[in-house]
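What follows is one structure encoded as structure tokens, with my remarks underneath.
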Amino acid sequence: MVGPLLKESAEVSTRMANFQLVSSLPSGFEAPCYRCRQPVDFLKAAFCDCVTRERTLLCPSCGGCACEAPIKARNEFWVSGPPALWERRREEQSSGVERLQSLDPETIPRPLALIADDDPIVLAVAGRSLRAMGFTTLLTSDPEEALELANTMLPDLLLTDALMPRLDGRQLSLRLKSSPRTRHIKIILMSALYRGAVQRSEAFRQFRVDEFLAKPVKPGVLREAVDRLMPDLARTRQHSDDVRAAS
């Protein structure tokens, strides 16, 4: 029993050391800002105004947040947090979709991309790639939630996996293309399974997608697909070097 206990204790100590925890008192929770590294009491910090289902907390020193931080870094932050901080997170998660649906679509920075995939790594990589192209991004792992958000926020682009629980990504595309309100949305369908010529033809003809990409999707291939679908964006916005290098 001693070995496993010592190992668990060492892992917890390592996580806390990596996050550079400053203090964890009942009245607050201080940790370094993801951007400027200044200590912040995150129990008192406000949430950012990013267009995302689960916002992160603002640093009063630099005004930055951790919405673009790696998933690992954000997970380490929450692992180190006290129960009061987790309660703030639960409240944010429970009101996230309702808050997004209350936004006026005209006030959201454009172009806006909605990404729907039940793989968190795909969400993170695709989100980073599209932000590098100049998009505001909104990520969800729930296709039914994606349908609701598409109808209320009217994104310019939807990037969706073909196979997801409850609502197939292809059916999601068909519903949006069948509605006058959302038929303008450019839809890119991704699939690791439906890769053959027959499936590709079906996606365009029957489900009315605008582009079809086989997984895994490289950032450069995604950029080229976006350029084909949105040439005005390709002409007016500079793509970051890291996206081009990933081609």
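Before moving on, here are some points about what is shown:
- Test set (1) acidic (Asp, Glu); (2) more than 24 Å from Cys33 (Cβ to Cβ); (3) not in a loop (DSSP other than H, G, I, E, B) - Asp118 fails condition number: (3)
- Tally, over the stretch 164-194, of residues that are more than 14 Å from Pro143 (Cβ to Cβ), in contact (Cβ under 8 Å) with a residue 24 or more places away in the chain, open to solvent by 20 Å² or more (accessible area, probe 1.4 Å) and basic (Lys, Arg): 2
- Checking each residue in the stretch 87-110 for being of a type in the set (Lys, Arg) and either open to solvent by less than 80 Å² (accessible area, probe 1.4 Å) or assigned to a helix (DSSP H, G or I) (or both) picks out Arg88, Arg89, Arg90, Arg99.
- Restricting the stretch 153-163 to residues that are open to solvent by less than 10 Å² (accessible area, probe 1.4 Å) and not in a loop (DSSP other than H, G, I, E, B), the residue that is farthest from Ala214 (Cα to Cα): Met153
- Put simply, of Ala150, Ala146, Ala113, Ala84 the only residue that is surrounded by 19 or more Cβ atoms within 10 Å (Cβ to Cβ), in contact with a Phe, Trp or Tyr (Cβ under 9 Å, 6 or more places away or on another chain) and outside any loop (DSSP other than H, G, I, E, B) is Ala113.
- Residues of the stretch 54-81 satisfying the condition of being assigned to a loop (DSSP other than H, G, I, E, B) and among the acidic types (Asp, Glu): Glu54, Glu68
- For Thr140: the one exception among (1) open to solvent by 20 Å² or more (accessible area, probe 1.4 Å); (2) polar (S, T, N, Q); (3) in contact (Cβ under 8 Å) with a residue 60 or more places away in the chain: (1)
- The stretch 195-224 - residue that is touching a helix residue (DSSP H, G or I) at 6+ places or on another chain (Cβ under 7 Å) and free of Cβ contacts under 8 Å to residues at least 40 places away in the same chain and, of those, farthest from Asp161 (Cα to Cα): Gly220
The values are calculated or read from the model by the stated rules, or taken from the named source; none is laboratory data. Owing to the predicted nature of the structure, the values given are computational and were not obtained by experimental measurement. Because the Cβ atoms are built from the backbone with ideal geometry, glycine has one as well, and the counts that use them run over all protein chains shown. In case anyone asks, the SASA skips ligands and DNA or RNA and just uses the protein heavy atoms, side chains included. Shrake-Rupley method; radii C 1.70, N 1.55, O 1.52, S 1.80 Å.
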